Amino acid sequence: MSKIRVEHLKYRYPSSEKLALDDLSFEVDEGEMIGIIGRNGAGKSTLCQAFVGLVPHFYRGAYGGKVVVSGLEVLKSSVSQLARRVGIVFQNPFTQVTGSKWTVYEEVAFGLENLGVPRKEMIDRIDYALQLLGMEKYRDRHPFDLSGGQMQRMAIASVIALQPEILVLDEPTSQLDPQGSEEVFRAVHRLREEGMTVILAEHNMEKIARYCNRVMLLDGGKIIDFASPASVFSRADLTRYGVVPPVYTRVCRELNAKREGSPHFPVTLEEACEVLKGR
Amino acid sequence: MKTFSLYVPRDSLIHRINPIDKILYTITAIAVPLILPSMAASFLCMLISLSLLAAARVVRQSLPVFAFVFLILCTVVLIQGWFYPGNQTPLFGVEPFVFHAEGLMKACRIGIRVTNVVAAFLLLVLTTKPADLVEELVRRGLSPRIGYVLDSIFQILPQMMNTTRTILDAQRSRGLETEGSLWVRVKAFLPLIVPVVMSSLIHAKERALALEVRGLHFEGQRTWLREKRTYPYSREIRGGLLLVLTASIVWRILG
């Protein structure tokens, strides 16, 4: 059954004349990890926020079509209702800290308190989320005293504690150093192993190629392509959409080293090694 | 972690009292000298507030505040002592700066009242964790959103000051003169305030989004991570304060 169903979604911000999302239709199945790529302004963040109801409920603006996430129609549900089904993590770890709590543990509890989760259950969920994100040892630290990577993992833990069925990550590592970024990706990988459906907007194509099973290429609010990473990254016209394919794909393209029996170039280090060793 | 809170962690009975009861005490301690204008009443209230500060073992932390207040009170003594309209009995000094008994009495009364108000407020502020107070208020029906704003002030403002400092350093490193004559400072104001305001607005919007998806606007019943705390002597304190207030009103009407 599809976790996310989008039908002819069109959206325009109130202050803009241009459509930010232009007639998008697609479905995402349970347990999938979808990468969203495209240049700045292609509509990645807007699409991410359309899954959780911030588009249109927070921004207002003109909205058309239909988005259904795990059975809830976004247009007819409040952001708080949707928060229990789909969680979102934003770019800047710093602005996701509520600033009203004094420990990491309390910070993770924030959403649960708001949504009225009983105390006993709350404690179980926080412990689980902190453990899953490898944050138990920081539970008594002050939220603002964490490093960027730790703060972002805390933000993910706060969302995971709400037990969503879908996790949306909007460029979660763009403001982190390589180490922090790696921490976050490892955490996301673990979540995926738990069966979570993940949507990831990201500029790091190597990571997208490594972790996602399908990639959506956006440009000007339209879907250009939505297929396997190998298929999308093998497109010859990617640079036209402001996307540079993973370095492994670029190397293999130059060497014209395709996988045996496949029309596509390798997209990960392992695949590239395999193909190049065989030559 | 830097914060604006003046709270001093101590293990005293005063610290364990319900924050709401402390607010009620502060209100009573300010109200009684207003109801009973006699110097004795003000003096008594001041003494009680001061001894409670001592009992909470936060006298040292309250000294800087009192020092500042006394500085202002000194000017009150001078002005009232010299120029109080009811001045009749000259005590000492040289014309036209002669201290009068009436003016000094007036200054004394003002001083006691101000000290009383400051001490009563300090008792609340120094012995109460802001988060505890807000939680207690939200449990009693304050909107959780207002509660959030009150809670976050103590952390978001220091963070904004950090941002401001970063921007100040950044602009300086690009050659902006921020020190020197008044004109230099005025010229530096715009290139500083614009990025500060812009970044604050962007941060506020991003934080609003993050809060929204954590259910800040959820309409149902909320819950708390912390168990409801029981505070000692709540009933006795409230009864006592009510008694004192009623007694002073009755006294005023009869007396």
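Things worth noting here:
- Applying the criterion of being polar (S, T, N, Q) and surrounded by 11 or more Cβ atoms within 10 Å (Cβ to Cβ) to the residues of segment B:218-241, the residue that is nearest to A:MET122 (Cα to Cα) is B:THR223.
- Residue count, segment A:100-137 (criterion: under 22 Å from B:PHE154 (Cβ atoms), crowded, with 22+ Cβ neighbours inside 10 Å and at the interface with chain B (Cβ under 7 Å from one of its Cβ atoms)): 6
- Some residue of segment A:207-224 being under 27 Å from A:VAL159 (Cβ atoms) and in contact with a Cys (Cβ under 6 Å, 6 or more places away or on another chain): no
- Helices (runs of 4 or more DSSP H) within segment A:170-279 that include 1 or more residues loosely packed, with under 13 Cβ neighbours inside 10 Å, in contact (Cβ under 8 Å) with a residue 12 or more places away in the chain and within 23 Å of the chain's Cα centre (by Cα): A:178-193
- One residue alone among A:GLY43, A:GLY87 is within 8 Å of another protein chain (Cβ to nearest Cβ) and either in contact with a Gly (Cβ under 8 Å, 6 or more places away or on another chain) or in contact (Cβ under 8 Å) with a residue 40 or more places away in the chain (or both), and that residue is A:GLY87.
- Number of positions in segment A:45-92 that are in a strand (DSSP E or B) and either buried (at least 24 other Cβ atoms within 10 Å of the Cβ) or in contact with a strand residue (DSSP E or B) (Cβ under 6 Å, 6 or more places away or on another chain) (or both): 12
- Residue satisfying all of: in segment B:80-104; out of contact with any strand residue (DSSP E or B) (no Cβ under 6 Å at 6 or more places or on another chain) and free of Cβ contacts under 8 Å to residues at least 12 places away in the same chain; surrounded by the most Cβ atoms within 10 Å (Cβ to Cβ) among these: B:PRO85
Table: residues versus (1) more than 8 Å from every other protein chain (Cβ to nearest Cβ); (2) assigned to a helix (DSSP H, G or I); (3) over 22 Å from the mean Cα position of the chain (by Cα).
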{"position": "B:GLY141", "(1), (2), (3)": "yes, no, yes"}
{"position": "B:VAL149", "(1), (2), (3)": "yes, yes, no"}
{"position": "B:ASN162", "(1), (2), (3)": "yes, yes, yes"}
{"position": "B:THR166", "(1), (2), (3)": "yes, yes, yes"}
{"position": "B:VAL186", "(1), (2), (3)": "yes, yes, yes"}
{"position": "B:PHE189", "(1), (2), (3)": "yes, yes, yes"}
{"position": "B:VAL194", "(1), (2), (3)": "yes, yes, yes"}
{"position": "B:GLU206", "(1), (2), (3)": "no, yes, yes"}
{"position": "B:LEU211", "(1), (2), (3)": "no, yes, yes"}
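Here, each number is a calculation from the coordinates, and none is a lab measurement. As the structure is a computational prediction, the values presented were derived from the model and not from experiment. Neighbour counts are summed over all protein chains in view; Cβ atoms, including those assigned to glycine, are modelled from backbone coordinates with ideal geometry.
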